[in-house]
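All of the numbers you see were taken from the coordinates with simple rules; none came from a lab. Note that the structure is a prediction, hence the values are computed from the model and not measured. Please note: Cβ atoms are built from the backbone with ideal geometry, for glycine as well, and neighbour counts cover all protein chains shown.
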Amino acid sequence: MSSLKSLACDLILVALATIAAAITRENFEIIDAKLIALLPYLVITLAAAGIVLPALGIHRSAWQFTSMRDCLRVSAATVVIVLSAVAIGFLLNRLDNIARALPLIQALLIISFLVGVRTLKRASHDRRVRSTPVASDRAETVLVIGLNKLAEFYLQCIAEFHSSHVRVAGVLGEGGRVGRSVHSHPVLGEPQHVVGALRRLETHGVFVDCILVTILPIDLSLAVQEALSQIQETTTIRVEYLAERMGIQSPPGRAIDEKHAPKGSVGSAVRAVDKALGQVSYHRVKRLVDVSASALALILLVPLFLLVWCLVAADVGLPFVFWQERPGLRGRAFKLYKFRTMGDAHNADGQRKSDEERVSALGNFLRRTRLDELPQLFNILKGDMSFVGPRPLLPVDQPIDCAARLVVRPGLTGWAQIRGGRQISPSDKAALDVWYVRNMSLALDLEIILGTMPMLIFGERVAESTIGQVWRGSAPNQVIQQEIGVRTQ
């Protein structure tokens, strides 16, 4: 099912659930007057769903592979949709003729409808896969180590395309999930119990030909590594790493031997900054604040979202949002969302336009007021970003010798933005960002947030004294300064 068809089906289900909620509220009586009075609230709900569902990527998931994570995302999206509809409806007509219990019933039914159809599609797909005959005499028996997305992907592929040649004996994974199943395959124990699991399988007449590890080698404990080495030396069982098969390397910021991580890498920066920060509980508190504040802001700013959406659609056309892939926490790439402020890249003759030609007066206004960055509230809610932190750069603009700024989540605003922004050099920005990482606190975040408003109103101003103080930092800061690879003047 294409993304557009999936979104259309979801919107139809949201509409049906809202109508069903109204009928349920009236003790299953269909009252025409009540349904007519529901129409404004229904339109608001569909408008909110038309924004929230695509923003959270709900329409892009394949229903036949629905997972628990997908169901949780649907539930979160439903909460945002209903709260947004209630907030907008209250502002417009104070929710006249809408019963107080209706939004609660509506939320429960929307979740039931959206999750229910996905579950039915998944069950139908799994039933079709299980009906495929398995030629056991030619099948290779595999024991999977790891409970993660890579393992789920492998099991789905085997079920879909290769079930006649591969037989999965079971899965070993952490988290106390022994006795449960993953795609109808039992969880036999934890990875460190691999030798015992093999012996138990042999007592039941199941002989494993291959152990497939879906965990990155650097994430395996020493006990698991020793057990796998013992199995390779004393048996004919093959040990293969799925990540290596697929060409997946260790993510940035991690090295097999951290003591020998190259200077300037994200891994060395993580060690230096973690050592300087110590055990700071504010990291966890900050994430709670980000989630709460972004959820509240998304609800309160729905009218502003709709206004900017309409202006952008009228100015540059659809799509009204675009994304760029940028390195985030510990170098992991994420999609950063913005409202579009530039028109098509080519004119009617096929000639490429300059950036100045593509940006309209409205686009300049949105950039000047930072309204084009409103969709990044969804990035904050998802955990890609924070309200305060180093601004995320394009990969080409993120030098490896400034990796220390990737130790924390990138921010909607930051210390470098209120102390000069675009007016200062990249090295000064890096120094300010790393200084922020070293000194991050609630008081500093509040200072940055309060300093952002004057910047938006009066423009960016260079704080030479602050930049000088950062470069003339105390001894503890010198450890951080070394991570950006720039000598103090």
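What to note about this one:
- Label zone at residue 335 (point 7 Å along Cα-to-Cβ), backbone N below 18 Å, the range 302-319: 318-319
- Spin-label model, residue 79/residue 370: points 7 Å from Cα along the beta carbon direction are separated by 2.6 nm.
- If the Kirkwood radius is taken over C-alpha pairs of the range 15-121, then at 37 °C and 0.692 mPa s the Stokes-Einstein diffusion coefficient equals 231 µm²/s.
- Between residue 148 and residue 26, the contour length at 0.36 nm per residue exceeds the alpha carbon distance by 39.4 nm.
- Taking amide H atoms as placed 1.01 Å from N in the peptide plane, the amide H of residue 182 lies under 5 Å from those of 187, each 5 or more residues away in sequence or on another chain.
- Peptides ranked, highest mean first, by Cβ atoms within 10 Å: ranges 285-293, 433-441: 433-441, 285-293
- Computed over the range 3-130: relative contact order in percent, which uses C-alpha pairs under 8 Å that are six or more apart: 38 percent
- Shown in residue order for the range 415-425 are the 3J(HN,Hα) couplings computed by the Karplus curve 6.51 cos²θ - 1.76 cosθ + 1.60 at θ = phi - 60°: 4, 5, 5, 8, 10, x, x, 6, 7, 10, 6 Hz (x for Gly and Pro).
- ³J(HN,Hα) computed for each position of the range 200-207 - Karplus, 6.51 cos²θ - 1.76 cosθ + 1.60, integer Hz, glycine/proline x: 5, 5, 5, 5, 9, x, 9, 10
- A straight chain from residue 223 to residue 291 at 0.36 nm per residue would run longer than the Cα-Cα distance by 20.8 nm.
- Taking 7 Å steps out from each Cα toward its Cβ at residue 90 and residue 3 produces label points 3.3 nm apart.
- Listed pairs 5/149; 286/429; 382/429; 149/382 exceeding 24 Å between Cα atoms: 5/149; 382/429
- The relative contact order of the range 140-249 comes to 28 percent, based on Cα pairs under 8 Å that sit 6 or more residues apart.
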